[in-house]
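Since the structure comes first, as C-alpha coordinates, the remarks are kept for the end.
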Amino acid sequence: DGITKDNDEGPDESSQLELGYSNDDPFTMRLAVPTPEDMEDVGAVLSMGTEGGDTILLGGDLGAGKTCLSRGFVRARTGDPGMRVTSPT
(Lines give C-alpha, C1' and ligand atoms only; values in the text may rest on other atoms or scores of the structure.)
Protein backbone atom coordinates (compact mmCIF):
# COMPACT_ATOMS: atom_id res chain seq x y z
CA ASP A 1 0.00 0.00 0.00
CA GLY A 2 3.03 2.31 -0.05
CA ILE A 3 2.90 3.17 3.66
CA THR A 4 6.08 2.12 5.41
CA LYS A 5 6.67 4.49 8.32
CA ASP A 6 5.87 3.36 11.88
CA ASN A 7 5.40 6.68 13.68
CA ASP A 8 3.18 9.72 13.49
CA GLU A 9 5.81 12.27 12.44
CA GLY A 10 4.66 12.26 8.86
CA PRO A 11 4.81 10.33 5.63
CA ASP A 12 7.98 8.97 4.11
CA GLU A 13 8.88 9.26 0.43
CA SER A 14 6.60 6.36 -0.56
CA SER A 15 3.56 7.28 1.53
CA GLN A 16 0.23 7.73 -0.16
CA LEU A 17 -2.88 9.53 0.95
CA GLU A 18 -6.30 8.49 -0.30
CA LEU A 19 -8.36 11.58 -1.11
CA GLY A 20 -10.69 11.94 -4.06
CA TYR A 21 -11.00 9.48 -6.99
CA SER A 22 -9.48 6.50 -8.80
CA ASN A 23 -10.51 4.12 -11.57
CA ASP A 24 -11.78 1.61 -8.98
CA ASP A 25 -13.80 4.04 -6.86
CA PRO A 26 -15.10 7.42 -8.00
CA PHE A 27 -14.63 8.81 -4.46
CA THR A 28 -10.97 7.85 -3.97
CA MET A 29 -7.83 9.49 -5.31
CA ARG A 30 -4.25 8.50 -4.46
CA LEU A 31 -1.56 11.14 -4.00
CA ALA A 32 2.13 10.62 -3.27
CA VAL A 33 3.01 13.27 -0.68
CA PRO A 34 6.79 13.42 -0.15
CA THR A 35 7.17 15.46 3.07
CA PRO A 36 5.25 16.20 6.28
CA GLU A 37 5.15 19.87 5.27
CA ASP A 38 3.58 18.94 1.94
CA MET A 39 1.00 16.82 3.79
CA GLU A 40 0.14 19.87 5.92
CA ASP A 41 -0.30 21.85 2.71
CA VAL A 42 -2.70 19.18 1.41
CA GLY A 43 -4.70 19.55 4.64
CA ALA A 44 -4.77 23.34 4.24
CA VAL A 45 -6.07 23.03 0.68
CA LEU A 46 -8.74 20.55 1.80
CA SER A 47 -9.93 23.02 4.42
CA MET A 48 -10.91 25.57 1.79
CA GLY A 49 -14.64 25.85 1.46
CA THR A 50 -15.43 23.75 4.52
CA GLU A 51 -17.95 24.86 7.09
CA GLY A 52 -18.85 23.94 10.64
CA GLY A 53 -20.67 20.62 10.63
CA ASP A 54 -18.80 19.19 7.64
CA THR A 55 -17.49 15.67 8.19
CA ILE A 56 -14.21 14.32 6.83
CA LEU A 57 -13.15 10.73 7.43
CA LEU A 58 -9.44 9.99 7.76
CA GLY A 59 -8.08 6.47 7.63
CA GLY A 60 -4.64 4.96 7.37
CA ASP A 61 -1.89 3.07 9.11
CA LEU A 62 0.48 4.63 11.63
CA GLY A 63 2.75 7.03 9.80
CA ALA A 64 0.35 7.59 6.91
CA GLY A 65 0.25 11.34 7.61
CA LYS A 66 -3.17 11.75 9.24
CA THR A 67 -1.82 14.08 11.94
CA CYS A 68 0.12 16.19 9.44
CA LEU A 69 -2.95 16.49 7.22
CA SER A 70 -5.12 17.35 10.24
CA ARG A 71 -2.60 19.91 11.49
CA GLY A 72 -2.61 21.70 8.15
CA PHE A 73 -6.39 21.53 7.90
CA VAL A 74 -7.06 22.85 11.42
CA ARG A 75 -4.41 25.57 11.27
CA ALA A 76 -5.70 26.83 7.93
CA ARG A 77 -9.35 26.59 9.01
CA THR A 78 -8.76 28.51 12.26
CA GLY A 79 -6.19 30.94 10.85
CA ASP A 80 -3.79 30.00 13.67
CA PRO A 81 -0.51 28.74 12.13
CA GLY A 82 0.96 27.97 15.56
CA MET A 83 -1.95 25.98 16.95
CA ARG A 84 -0.97 22.66 18.55
CA VAL A 85 -2.87 19.90 16.76
CA THR A 86 -2.66 16.37 18.19
CA SER A 87 -3.36 13.06 16.53
CA PRO A 88 -6.96 12.61 15.42
CA THR A 89 -6.65 8.95 16.37
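The values are calculated or read from the model by the stated rules, or taken from the named source; none is laboratory data. Remember, predicted model here, so these are calculated numbers, not experimental data. Note: ideal-geometry Cβ built from the backbone for every residue, glycine included; neighbour counts use all protein chains shown. With ligands, DNA and RNA removed, areas are computed over all heavy atoms of the protein, side chains included. Shrake-Rupley method; radii C 1.70, N 1.55, O 1.52, S 1.80 Å.
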From highest to lowest solvent-accessible area (probe 1.4 Å; ligands, DNA and RNA excluded), LEU62, LEU57, LEU46 read LEU57, LEU62, LEU46
With the crude spin-label approximation of a point 7 Å out along Cα→Cβ, what separation in nm comes out for THR55 versus SER87? 2.4 nm
Using the Karplus curve 6.51 cos²θ - 1.76 cosθ + 1.60 with θ = phi - 60°, work out ³J(HN,Hα) for each residue of region 74-84 in order, rounded to whole Hz, and write x for Gly and Pro. 5, 4, 5, 5, 8, x, 10, x, x, 4, 7
log₁₀ I(q)/I(0) of region 26-89 at q = 0.12, 0.13, 0.16, 0.23 Å⁻¹, via Debye over equal Cα point scatterers, no solvent, to two decimals? -0.28, -0.33, -0.51, -1.06
Skipping prolines and chain starts, which residues have an amide H placed within reach, meaning under 5 Å, of the one on ARG30, given they are 5 or more residues away or on another chain? LEU19, GLY20, TYR21
